[in-house]
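The values are calculated or read from the model by the stated rules, or taken from the named source; none is laboratory data. Since this is a predicted model, take the numbers as computed values, not measurements. Positions of Cβ are backbone-derived with ideal geometry, glycine not excepted, and every protein chain shown enters the neighbour counts.
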Amino acid sequence: MNPATHSAGRSGMRRVAAVSVALATLALTQSAAVADPATNDIHSVLDSLSAHHPPMADGIERTTYSSDSSEIVVRVAVIDPDLGAISLDSTVGAGVSVKEPTTAMLATVGTTAKDAPYVGVNGGYSVSTKDEDDATGKSIPEERSVPMVTSVQEDVVQGAACLKGQNSVVLQHGRPHFTKITTTLGITSDQNTADTADDATRVVDAVNRYPGWIPFCPQEVGDRPLPFTTDANGEVKRLDQYGNVIKGGPYYQDYSEIVAFTPAYGQKTPEPRHTPFVAADDADGVEVAVDASGRVTAVKSPRGGMAIPAGGMVLQGIGDDAQSGGGAQWLRDHAMVGAKLTYTQRATDLGVVEDPTDDVDLPLDPAYPSIDVVNGTHDLMRNGKVVAEPADNVANDPRTAIGADGWGRTLLVTVTAKDQGLRRGVPIYDLAKIMEDLGAVDALNLDGGGSTTFVVDGQVKNVLSDPGGVERPVYDAVYAGRGGHGLPAGGN
C-alpha cells in the first residue's frame, strides 16, 4: 500500500469512518436550505465527495477534502512524532510587536531542507494600531502588534492572560495540551528610597503592550472598560477620550500600570499617546532599562524610544500616585540606576474543570526552553465531546483550528473557499463537528477570516480571503518542524 495515498495502517479504519461523516458535514453546511442535517438524506452528497492525500514526511499525514458540489476545502495535517523526527512549535517571527505573513514567520525558523518547517498554520489573536487615529487626525507612526491574550515563547511570557484565564494550547515535547491559562508577573527591588519603607515588590500588569491600554479582556483588578454608548438599534459602541466611536474592542484602560517589554518585542519601546483613543495612554510616565543581570542601567522620562537590552527588559510605568499603586512612581522610588530588580513570571494551568485545587504552574525555564503557549477563542472539543454551541459565531468565515486525537497526534486544520475571490468557511459549531469527525478529542479555534493560512514547505496552499488573495500578517504561527523531542524527565 502506498503511504503517500493512504492513511497509516493503525488509523485506516477509524479515518475512513471519520472522513465520511466529516465530508457529509462539510457539504451540508454549504446549503442554506439545509436547516437540520439530521433530517436530510446525506448519502447522495457523500457520493460526490473525495479525499486527497498529498505526500508528506514520515510522521505527517496530509489530507485535502473537497468536492465539485461544495464551495469549501478542508486541509488537514496530522502530526505524529512517534513516526518521525517531528517537532511541534510556534513562532512569532522577527518580533512580537510586528505582524508578519505566516510564510515569513515560518521562514525565520528555516528555509533549507535541513531546517524549514514541513507544515504550519496561522496562530492566535492579536490587535494592531496601524490604522488607528484620533479626532485630530494624528496617525500611528508604525504598526505595533499587541497579543490580545496569552502568549508564551520558549518559556518566556510574551503576552499576559485575561484576569480569569484564557483558552489556550500548550505546546511541549511535540504534543499539544488544551487548557485555560492565567499569568502572574511581578518585580522586586533591592532599592527603596520611598517614605513607605516596605513596598519593594509590585505586580507587573502586562508584557509587550502599551501601558494603560488593554485589548479584549481585563488583565488585572482595576482595569476598566472604555466608555460606551448604545445607538438607536441597541448596538453598543465604544468611545474614545473625545467621544468618538472606535472600531474593534472591547478595550479596557488602567491609569496605574507597569508593563514589561522583552527583547522579543522587536522594536524600541512605544511613546505616550501611541494609542490616542485611550486617555490613560496620554501619561508621560517613566521607563527603565534592565540588563541581563537585573541591574537598572538607565531611567528615562517621558517614556518611549528606548532600545531593549539583550537578555534584559525595559519596564514602562504610568501613574504618579504612590498610594494607589502608580507604576511610574513605583519605578521612580525603587528602580534608580544601579538598583537590582528581580522579575518573576508564572503561567498557571487552570485545567479543564474550574477547580483551584487542580491548578498547576507550567515549568517555565528560559534557560532550557520547551514550552510555547498559543491563544485561541472558542473551545471546540474537550475530552471527546463537542463543547462549542450552535449559537457561537455563525458566520461562514474561513477558520483555523488545532486539535489532538485519541492517539495524541496533533491536527492542524483550515477551512477556506475552494475558488479564489470567495470568502467561505463554516460557523464555529460546524468547525467543532468537523474536528470531531476527524477524530479529535480536544480542539481549539485559532484566528480565522483573512488570517487563515495553511503552508506546506513554505508555500501557501489555501485560497486567501483578503482582497487580491494577499496573505494577511498575523501574530504567530504553529508548525511541524524538523527534529523531534525526547521524552520529558520521568517519561517511560
Identity of the residue in the stretch 394-409, surrounded by fewer than 17 Cβ atoms within 10 Å (Cβ to Cβ) and of a type outside the set (A, V, I, L, M), that ends up nearest to V441 (Cα to Cα): G406
Qualifying positions in the stretch 392-405 - among the small types (G, A, S) and out of contact with any helix residue (DSSP H, G or I) (no Cβ under 8 Å at 6 or more places or on another chain): A395, A404
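Where in the stretch 219-282 are there strands (runs of 3 or more DSSP E), lying wholly inside it, with at least 2 residues that are of a type in the set (D, E, K, R) and surrounded by fewer than 22 Cβ atoms within 10 Å (Cβ to Cβ)? Let's see the steps before the verdict.
Working: elements: 228-230, 236-238, 251-253, 257-261.
Because the criterion is at least 2 residues that are of a type in the set (D, E, K, R) and surrounded by fewer than 22 Cβ atoms within 10 Å (Cβ to Cβ), the strands (runs of 3 or more DSSP E) in the stretch 219-282 that meet it are 236-238.
Within the stretch 65-80, can you find the residues that are within 17 Å of G403 (Cβ to Cβ) and assigned to a strand (DSSP E or B)? Step through it out loud before you land on a result.
Filtering the stretch 65-80 down to residues within 17 Å of G403 (Cβ to Cβ) leaves 65, 74-80.
Y65, V74, R75, V76, A77, V78, I79 - these are the residues of the stretch 65-80 that are within 17 Å of G403 (Cβ to Cβ) and assigned to a strand (DSSP E or B).
Considering only residues that are hydrophobic (A, V, I, L, M, F, W, C) and assigned to a loop (DSSP other than H, G, I, E, B), look in the stretch 283-304 and name the one that is farthest from the chain's Cα centre (by Cα). Break it down stepwise before answering.
Going through the stretch 283-304, the residues hydrophobic (A, V, I, L, M, F, W, C) turn out to be 283, 286, 288-290, 292, 296, 298-299.
From what's left, assigned to a loop (DSSP other than H, G, I, E, B): 283, 292.
Values: A283: 29, A292: 27 Å.
So, considering only residues that are hydrophobic (A, V, I, L, M, F, W, C) and assigned to a loop (DSSP other than H, G, I, E, B), the one farthest from the chain's Cα centre (by Cα) is A283.
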Qualifying residue in the stretch 246-256 (condition: of a type in the set (D, E) and farther than 19 Å from G186 by Cβ): no
In the stretch 204-218, residue modelled with the highest pLDDT [restricted to those that are touching a Ser or Thr at 6+ places or on another chain (Cβ under 8 Å) and assigned to a strand (DSSP E or B)]: V207
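Output the residue which, of all residues in the stretch 310-363 that are among the acidic types (D, E) and modelled with pLDDT under 85, is surrounded by the fewest Cβ atoms within 10 Å (Cβ to Cβ).
Quick first cut of the stretch 310-363, residues among the acidic types (D, E) only: 320-321, 333, 349, 354-355, 358-359, 361.
Cutting the leftovers down to modelled with pLDDT under 85 gives us 321, 354-355, 358.
Working: D321: 11, E354: 11, D355: 9, D358: 11.
Looking at the filtered set, the residue picked out is D355.
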Subset of the stretch 434-447 (residues that are buried (at least 24 other Cβ atoms within 10 Å of the Cβ) and more than 12 Å from I402 (Cα to Cα)): none
